[in-house]
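Structure first, commentary second.
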Amino acid sequence: MSNHVNLERRRQAIYGWLLLSPAALMLSIFAFYPSVATFWSSLFTRNTRRKPSEFIGTENYADLFADPTFWLVVKNNLFYAGITIPVSIAIALAMALWANSKIPLRGFVRTAYFTPTVLPMIAAANLWLFFYTPGLGVLDQIGSLFGLPSVNWLGQPETALWAIIIVTIWKEAGFFMIFYLAALQTIPEDLKEAADIEGASRWTYTRRIVLPLLMPTTLFIMVNAMINSVKLIDHLFILTKGGPSDASKLILYYIWEMAFAFFDAPHAAAMTILVLAVLCIVAAIQFLYLDRRTHYQ
Amino acid sequence: MKRLSHYIESAAAILLALIWISPLLFAFWAAFHTTSDAVNFNIMSAWTLDNFRTAWDGAPWLRYFMNTFLLVTIVLIGQFFFTTLAGFVFAKLEFPGKNLVFILVLMQLFILPEVLIVENYAMVSRLGLFDTLFGVGMPYMASAFGIFLMRQSFKSVPIELHEAARIEGCGLLGILWRVYVPLAKPTYLAYALVSVSTHWNNFLWPLIVTNSPETRPLTVGLSIFGAPENGVDISIISAATIMSVAPLLIAFLVFQRQFVQAFLRAGIK
């Protein structure tokens, strides 16, 4: 009998490793090896024809920390995250509450909110270009109706990052909405009835019952929004290219520029490692909080 | 009072909806008008298809469309293959070391392929896949997200079906193919919709690994077409943009419910 069990166990192990190996190979080639290789190459100098690369330890990191552009980009990215995360979550929540209530044209409203999600970021940037272009753009035309002067939204440091932020919020809010919408539909009707009987206002009901019940969804969305604030940079290529004078440059764009425009792979690698460290922290937050879904039961 | 607040909220919801699709509507308007009519918002002005003609002649769009189509197909087939096998192992087989490997796989959820562009580029070049559609698709094939999704789906398959198939003399791969895969159809569909729209829209990585019109997908082609150096005007850019988002947008409008369900199923674990 135990012989048989042993055989079955061995069979499962053999099959297991066999079936895992294709995916494991791919993940090793395109995730684990590159991560280690990135770390390794961040410890060396650039390999040029005149000078082969040599080990310099943490000097690339020291260079980054001494580089004012790096700090500007970090600041930009923190600002970008600090605005886009709460604002798109708040808008998504409002959208979901509206799309879930009995309003006229509900089908149209839902579609309109969600549509930006299926557009490529590059296309979204092109659409918004029409808004931001000085003189001809929609924003300036609206402004001129009120006698406001023309503004170069993308061309001046004070507004460029804001212009980028607005496109991001526009793109992701509708996506987050559907998760709230799904969560709202799981809230039992009797809670609303009970609240009505107790004479609670709609505002009280929303704040004291709906919002706490949506908490796990909010955390899930927040993790997604954090990841997006690292990864959503495609529109920079169309709208500002990080300018003017780096005012709208974000980290991933800077990594790209460092590696593929300045051909400085070691510094790009060092920056990549720092980003990965931040993403690990986000992962830790998710594992710590997201599994505790039962706060309110 | 209650009535009034209902009206105000409805109005606000609809206003927000109008604001939300206005970029698309303006681009649509601009695409069908001459540039001067477009920016003057002259409602009476004539509609024209000239912008589409000019845009179409300005770049090898047909090639770009083909490339994007091939790319999403390659990625999807690869993802189905790798995630089915791995998802099945994590859902139904027991052996030492499995949990450790699973944690390693989950780590990839946060090691975004977007962030590893430098080394992935080196890897793709080393494999001789630079400037090929295969090179664009490869890093996304063994998606940890997909593996997780398939695992969840396979886990919900009752063990009785598995046992029954085994008693009938089906091998492990046969059981996977005949029992698990057919039962996971909704998950495959959801995953396919999410994957296709993600890779149809992907930009940064294809920008890095493609270098010729023969491999460039739509997003990269569109960004090159619209680059200010090329001096194309707003109506023509709008026409090109509308053109390149049309297939996915129409598909979305037709299968809206499925799309939303797919994103939900893929998102909520």
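The values are calculated or read from the model by the stated rules, or taken from the named source; none is laboratory data. Nothing here was measured: the structure is a model prediction, and the numbers come from that model. All Cβ positions, glycine included, derive from the backbone under ideal geometry; neighbour counts span all protein chains shown.
Considering each residue of segment A:118-125 in turn, at least one proves to be touching an Asp or Glu at 6+ places or on another chain (Cβ under 8 Å), crowded, with 22+ Cβ neighbours inside 10 Å, part of a helix (DSSP H, G or I) and at the interface with chain B (Cβ under 7 Å from one of its Cβ atoms).
Does B:VAL209 qualify as being modelled with pLDDT of 90 or more, closer than 30 Å to B:ALA144 by Cα, within 10 Å of chain A (Cβ to nearest Cβ) and crowded, with 22+ Cβ neighbours inside 10 Å? Answer is no for this residue.
Against the conditions (1) farther than 30 Å from A:ILE178 by Cβ; (2) small (Gly, Ala, Ser); (3) surrounded by fewer than 19 Cβ atoms within 10 Å (Cβ to Cβ), A:ALA90 satisfies every one except (1).
Please find, within segment A:141-185, the residue that is surrounded by the most Cβ atoms within 10 Å (Cβ to Cβ) out of those that are polar (S, T, N, Q) and more than 10 Å from chain B (Cβ to nearest Cβ). Among residues in segment A:141-185 that are polar (S, T, N, Q) and more than 10 Å from chain B (Cβ to nearest Cβ), the one surrounded by the most Cβ atoms within 10 Å (Cβ to Cβ) is A:THR168. Among residues of segment A:202-230 that are under 15 Å from A:ALA183 (Cα atoms), those with a Cβ under 9 angstrom from a residue that is outside any helix (DSSP H, G or I) and small (Gly, Ala, Ser), sequence gap 6+ or separate chain, pair up as A:ILE209/A:ALA200. Counted as qualifying within segment B:162-259 are the helices (runs of 4 or more DSSP H) with 3 or more residues that are among the hydroxyl-bearing types (Ser, Thr, Tyr) and over 30 Å from A:LEU154 (Cβ atoms), namely B:185-201. For segment B:91-128, a residue qualifies if it is surrounded by 15 or more Cβ atoms within 10 Å (Cβ to Cβ) and more than 8 Å from chain A (Cβ to nearest Cβ), and the qualifying residues are B:ALA91, B:LYS92, B:PHE102, B:LEU106, B:VAL124. For A:LYS102, the conditions (1) in a helix (DSSP H, G or I); (2) more than 8 Å from every other protein chain (Cβ to nearest Cβ) all hold with the exception of (1).
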